[in-house]
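What follows draws every value from the coordinates through simple rules; no lab data is involved. All values reported here derive from a predicted model rather than from experimental measurement. Don't worry about glycine lacking a Cβ; one is built from the backbone with ideal geometry, like all the others, and counts go over all protein chains shown.
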Amino acid sequence: MLRITGGTVYDPANGVNGVVRDVCIADGRIVSDVEGGRTIDATGMIVFPGGVDVHTHVAGGALNFARGLVPENQRVARKFLHAPGRRGGIGGMTPTTFATGYLYAGMGWTTVNEAAVPILTAKHTHEELHDTPIVDKSCLLLMANNEIVLDLLEAGEVERARDVVGWLVWAAKVYGVKAVNPGGVAAWKWGKNASALHGPIEGYKTLTPATIISGLAGIVDDLGLPHPMHLHCNNLGNPGNVATTIETMKLLQGHRAHMAHLQFHAYGGDGWETMRSGAVEVAEAFDSHPNLTADAGAILFGDAVTITADGPWQHMLHQLTGRKWGNLDVENETGCGIVPYVYRDRHIVNAVQWAVGLELLLLTRDPWRMFLTTDHPNGGAFWRYPEIIQLLMDAEYRKEQVRKLPEAAQSRIVLGDIDREYSLYDVAIVTAAGPARALGLTQKGHLGVGADADVTIYPAKPAADGVLFSYPRYVLKAGEIVVEEGEIRAVTDGREFIVKPAFDDRIEEYLRPLFQKVYTISFENYPVEIERVRGASVVGVRS
Amino acid sequence: MIRLTLKEQPSVPLEAEALSPDVMATLAHDAICALPVYLGKRQRRLDDFFEVEGEASDFLHVEGDASRVKWIGRGMTKGHLAVAGNAGMHLGAYMKGGTIEVSGHVTDWLGAEMSGGLIRVRGNAGGQVGAAYRGSLSGMTDGTILIGGSAGLEVGMRMKRGIIAVGGAVRDFAGLQMKGGTIVLGSGAELRTGAWMLRGTIVSLKPIPMLPTFTPAAEYNPTFMRLYARHLAMLGCTIPFAEADGAYQRHTGDSSVPGKGEILVWAPR
């Protein structure tokens, strides 16, 4: 039992905006009142619900490949020496599993959503998530280039496709469905990409990215998954991709969807020389589609490692930069590419990218639909979120940074003209309440009675050597104090949220012969056993 | 002067980046004795392994067979470090200034990613001299490494600037992916010298097997070799340059990258 007293509470999901009140905790949940137990005096501090990361890459085959590909980053990364009760590890761009948990918790984030899991490496992903302590986890299944699903969508067998998707979601023990460059990764197996939404995909006769997008979004809605289809649009990173992004929003009319790392999809111009911010157009279109949510995928200057299932884009990035390149092919399901990258403030394209991420966060009107991410580690490491919050909260500081950019870049962005400043209430929405609601995690992202007792207490003034939100004074996870005065105090095991959608069991009779024919592993070895997902918590589907 | 005498061979390699003039220059005797070293994953005291004499000096003298002591002189910026005997891996890695002298042999990653200073080894060195660590874009960016004996694989891999001179035999892949700087091979090298080199100069005083992606370009006595010879002579290393004695055959490459590097092979008259 625990009482947090005297703190100024920001709990947007319950409409609490900076009210001094007590927060009471018993048995890992928020309760209305407690008798006795420890009291934390939070006088002069601010109390937030624990942060929720709606889109990050922290576990699995691709991330592990990236860890191996960038030893030069690991060498200079922050080290966690092993101590009683705490495992060793390293931070940096691609932190090790244990360090990932310590870093997220150390920043005040208590729930993370791993956004890209191929079914074939789902076992590996769950093992890594189990070794990611403190935070609660969920993960999304890569689906928009799965050849079995694509064949069914091309044949117009949507009913059967829905059963296959439902079966696959439960087989992989995941929480939702991710679509990466729909059709593009399948085309990449022929050395091509899928850049036209209504053009046929290489290797198929009539199937187009548009069919996949609307088909999958409908299937996810029908299955009633708590999180809508999580979409990485076509044409990521290409100048002029605003048109694709806005067209995609139109395709999603009538469906729920979450658009990931929108920054990478909001570029105007028609080539690298003319590339400019397209944030105004995208924000306007986004505002008029209340069925959608999105995350920013903002970039920060400095080192990054780009990891995505979007194989063709990664090959393009490798050719643009000359940096090393890793490519994985995941049989019939997806692909993956990895390229280390440095975002430079003197580079016009990078400067525009930096501005676009912030512009999207500032120009979209509803903070309940646009969330803070860096698409970790693509736009920058997640432990740099406080730097973005500072840029959002302080217009003067932000304009000062804009003035440091090359003039050619300043003329291609609108960030310098935006005066909006985030309030603490807004910050609590984009970092916790909003993402939790979009993920359909009703017990996360708020401090109402019955919610999980994930609470972060920040000092009201930033520490001398950092920005506000860098160093929470206390972080509570499920009611336990895990971080106190910047030190990890307790290392707890987080849960993993999964869903079991309804599907026709007879779909196995359809899948089994296909497996014998096209997969390298047997059908029986394919699904992840529930015992393998330790700390599994099954979330109900929407009715 | 601070004199450090190795008491006994550590059972596993000892990581001792505290053995640097930068660390010890202002420390009293007790503080030096208490400096941390790592035996495997266990932290130990420097005086568990070394007899320590003297204090507060930027002149270090290490005695004994320290071939299992790693990271000596790591990142040092000033002073003088003398090793009477052998030294272990990563000697002078990330070094920025000062001098290191070793009377015996050293092993891999000598002066890796150094950016200044002078390292002189009387005996043999291992592989990856002045090289880039795995994944890094560039190896040494300045400074000088002089080796009296032989050296191993990938000497000067991805080096960007500075000089490496090796008196004895050098193994495969000298100057691999070299980006600049100079490597002098006193006794030639084995296979694939200069593979993937982009820029920079490799000088060999003995004939070497040449990759097919290097093109013979000229036979000449470039003026800069006279300057190099004079500079290296001050460091006690002699290379020929006079027209009366012979000429350098210039080969350009590596055209598979494609690169603008050169390999100069001395042909005596």
Under-5 Å amide H pairs with residue A:20, H placed in peptide plane, nonlocal only
A:9
If you keep only loop residues by DSSP, which GluC sites (Glu not before Pro) in the stretch A:454-522 have at most 12 other Cβ atoms within 10 Å of their Cβ?
A:485
Chain B: most fluctuating residue of B:235, B:205, B:35 per GNM, C-alpha cutoff 10 Å:
B:235
Please identify every one of the GluC sites (Glu not before Pro) in the stretch B:179-249 that sits in a loop by DSSP and has no more than 12 other beta carbons within 10 Å of its own beta carbon.
B:243
Size-normalised alpha-carbon gyration radius of the stretch A:145-279, reference 2.2 N^0.38 Å:
1.05
Net charge dipole size for chain B [Lys, Arg +1 and Asp, Glu -1 on Cβ; Debye, nearest 20]
740
Shape of the stretch B:108-268, Cα gyration tensor, a/c cut at 1.5
oblate
By Cβ neighbour count within 10 Å, fewest first, A:190, B:266, A:354 rank A:190, B:266, A:354
Mind checking the dipole of the protein assembly as shown: about its Cα centre, +1 per Lys or Arg Cβ, -1 per Asp or Glu Cβ, Debye to the nearest 20?
1840
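Using the alpha carbon gyration tensor of chain B, what are the three equivalent-ellipsoid semi-axes (square root of 5 times each eigenvalue), largest first, in whole Å? Present the calculation step by step, with values, prior to reporting the outcome.
Details: eigenvalues 271, 63, 42 Å².
They are 37, 18, 15 Å, listed largest first.
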Considering only A:501, A:482, A:514, whose Cα is most displaced toward the positive end of the charge dipole of the stretch A:478-537, charges sitting on Cβ of Lys, Arg (+1) and Asp, Glu (-1)?
A:514
Packing-based ranking, highest mean first, of A:2-12, B:6-16 given that Cβ atoms within 10 Å are counted:
A:2-12, B:6-16
By the gyration tensor of its Cα atoms, with a ≥ b ≥ c the square roots of the eigenvalues, what is the shape of the stretch B:98-156: rounded for a/c under 1.5, prolate for a/b over b/c, or oblate?
oblate
Positive-end residue of A:352, A:364, A:13, charge dipole of the protein assembly as shown with Cβ unit charges
A:352
Where a ≥ b ≥ c are the square roots of the eigenvalues of the C-alpha gyration tensor, would you call the protein assembly as shown rounded, which needs a/c under 1.5, or, failing that, prolate if a/b is larger than b/c, or oblate?
prolate
DSSP loop trypsin sites (Lys or Arg not before Pro) in the stretch A:392-459 with at most 14 other Cβ atoms within 10 Å of their Cβ, which ones?
A:404, A:420
Rg ratio (alpha-carbon, reference 2.2 N^0.38 Å) - the stretch A:2-148:
1.29
So who's got an amide H within less than 5 Å of the one on residue B:202, skipping anything under 5 residues away but keeping other chains? H placed 1.01 Å off N, in plane.
B:183, B:262, B:263, B:264
Just from the alpha-carbon atoms, what are the Rg and Dmax of the stretch A:231-271 in angstroms?
10.0, 33
FRET efficiency, 1/(1 + (r/R0)^6) with R0 25 Å, evaluated for residue A:72 and residue B:48 via beta carbons
0.15
Ranked from fewest to most other Cβ atoms within 10 Å of their own Cβ, A:136, B:108, A:329 fall in the order A:329, B:108, A:136
Diffusion coefficient in µm²/s returned for the stretch A:267-339 by Stokes-Einstein, Kirkwood Rh over C-alpha pairs, 37 °C and 0.692 mPa s, is 220
Over the whole of B:135-148, what's the average partner chain Cβ count within 10 Å per residue? Rounded to a whole number, please.
1
Within a 10 angstrom radius of the beta carbon, how do A:442, B:238 rank from fewest other beta carbons to most?
B:238, A:442
Which far-off residues, 5 or more places away or on another chain, put their amide H under 5 Å from the one on residue A:528, with H placed in the peptide plane?
A:172, A:173
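Compute the relative contact order of chain A as a whole-number percentage, counting only Cα pairs closer than 8 Å that sit 6 or more residues apart in sequence.
Relative CO of chain A lands at 20 percent.
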Among the listed pairs A:404/B:78; A:79/B:260; B:41/B:179; A:123/A:324; A:178/A:324, those beyond 31 Å (Cα-Cα):
A:404/B:78; A:79/B:260; B:41/B:179
